[in-house]
């Protein structure tokens, strides 16, 4: 059963991909009073109360969050990544920082919010060890915890321990590769794809897939995640559960490039495997010319994609032919959330959003 929920919701990490989508979603509803907190303001207009906050500063967290005694729901999307993103997934420092951030966010609110109902937070396919080796297909939530070090486990165990003696529940979502709107996010694969394409177009080159073999995987639109978060606030079947979430279709990254080419009016070329993190940083002068010609927002090139070149390389797998990484979403559908989106449609809609926001050229 799903109740129509309302209340005072606190969103941590609204400047990121998932947090930004959650902010837009709940801010658009008259049923919710939204407070958003992060180190950087969201890169779009909104009507929520925004508080600058560094989640590694415990004293600042206690001061800022101690006044949020009316909080009924929390959405936690804050994420710390190392400068070397992929290698950082195995770094103990990355795990400890992410665990500390969640504690500093949750404990001060939990100490004062007597009407707290629900907490949502996130894991991902690294929960199945997908960053170490492809898991069996499809990956299922019912499996025993994958035996590797991960901040997911630290955060999950902390929330379960914090919950003891409390009335609130939690939901953990495990999205596949995330597509959405954000700036200066470390895992923004869509903006990496788009900037690569636009630079190739400016160079008079066809659009070539820079990766390896067409391995099968899935994607998730942050707008769909936000709708799922809305569902989870009032669904009894979501309480204290972990769910995989995807758009609902299967993709190959190579198969998305013709969509990208059509959107930017480019010809497709033969695959051209390369490491974008090595090639693209040197294209700053080209992007600066593009931005000036098209009157784009003044965003430094190194901030536009940044570490996301690394994440794109990981997914495109140049020189490799990875096994499929596919998760089951049966549990989420059986629990009552059956929404979906076509990934190709998503790609066009999000690219158009970046263009409308003056970040990508037409």
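The values are calculated or read from the model by the stated rules, or taken from the named source; none is laboratory data. Remember, predicted model here, so these are calculated numbers, not experimental data. When we count neighbours, we look across all protein chains shown, and the Cβ atoms used for this are built from the backbone with ideal geometry, even at glycine.
So here's what we get for this one:
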read-out: Residue match in the range 52-65 (condition: assigned by TED's automatic domain parsing to the domain that holds residue 157, in contact (Cβ under 8 Å) with a residue 60 or more places away in the chain, under 24 Å from the mean Cα position of the chain (by Cα) and closer than 26 Å to residue 164 by Cα); value: no
read-out: Which numbered condition residue 301 misses (of (1) in contact with a helix residue (DSSP H, G or I) (Cβ under 6 Å, 6 or more places away or on another chain); (2) without any contact (Cβ under 8 Å) to a residue 24 or more places away in the chain; (3) over 26 Å from residue 79 (Cβ atoms)); value: (3)
read-out: Answer residue from the range 237-261, given it is assigned to a helix (DSSP H, G or I) and in contact with a strand residue (DSSP E or B) (Cβ under 9 Å, 6 or more places away or on another chain) and is farthest from residue 200 (Cα to Cα) among those; value: 237
read-out: Index of the failed condition, residue 224 passing every other in (1) touching a strand residue (DSSP E or B) at 6+ places or on another chain (Cβ under 8 Å); (2) surrounded by fewer than 20 Cβ atoms within 10 Å (Cβ to Cβ); (3) not in a loop (DSSP other than H, G, I, E, B); value: (2)
read-out: Residues (within 20 Å of residue 161 (Cα to Cα) and surrounded by fewer than 18 Cβ atoms within 10 Å (Cβ to Cβ)) located in the range 66-96; value: 96
read-out: Test: residue in the range 343-355 that is assigned to a loop (DSSP other than H, G, I, E, B) and out of contact with any strand residue (DSSP E or B) (no Cβ under 9 Å at 6 or more places or on another chain); value: no
read-out: The one condition in (1) closer than 19 Å to residue 334 by Cα; (2) buried (at least 21 other Cβ atoms within 10 Å of the Cβ); (3) over 19 Å from the mean Cα position of the chain (by Cα) that residue 232 fails to fulfil; value: (3)
read-out: Qualifying residue in the range 155-162 (condition: without any contact (Cβ under 8 Å) to a residue 60 or more places away in the chain and surrounded by 22 or more Cβ atoms within 10 Å (Cβ to Cβ)); value: yes
read-out: In the range 333-342, the residues that are in a loop (DSSP other than H, G, I, E, B) and in contact (Cβ under 8 Å) with a residue 60 or more places away in the chain; value: 336, 337, 339, 340, 341, 342
read-out: Helices (runs of 4 or more DSSP H) completely within the range 263-330 that count 2 or more residues being within 27 Å of residue 139 (Cβ to Cβ) and under 20 Å from the mean Cα position of the chain (by Cα); value: 308-316
read-out: Some residue of the range 130-139 being in the same structural domain as residue 11 (by TED's automatic domain parsing), within 30 Å of residue 64 (Cα to Cα) and touching a helix residue (DSSP H, G or I) at 6+ places or on another chain (Cβ under 6 Å); value: no
read-out: Filtered residue count, the range 45-58, keeping only those that are surrounded by fewer than 17 Cβ atoms within 10 Å (Cβ to Cβ), touching a helix residue (DSSP H, G or I) at 6+ places or on another chain (Cβ under 7 Å) and either on the phi > 0 side of the Ramachandran plot or assigned to a loop (DSSP other than H, G, I, E, B) (or both); value: 3
read-out: Out of 18, 34, sole residue that is assigned to a helix (DSSP H, G or I) and assigned by TED's automatic domain parsing to the domain that holds residue 80; value: 18
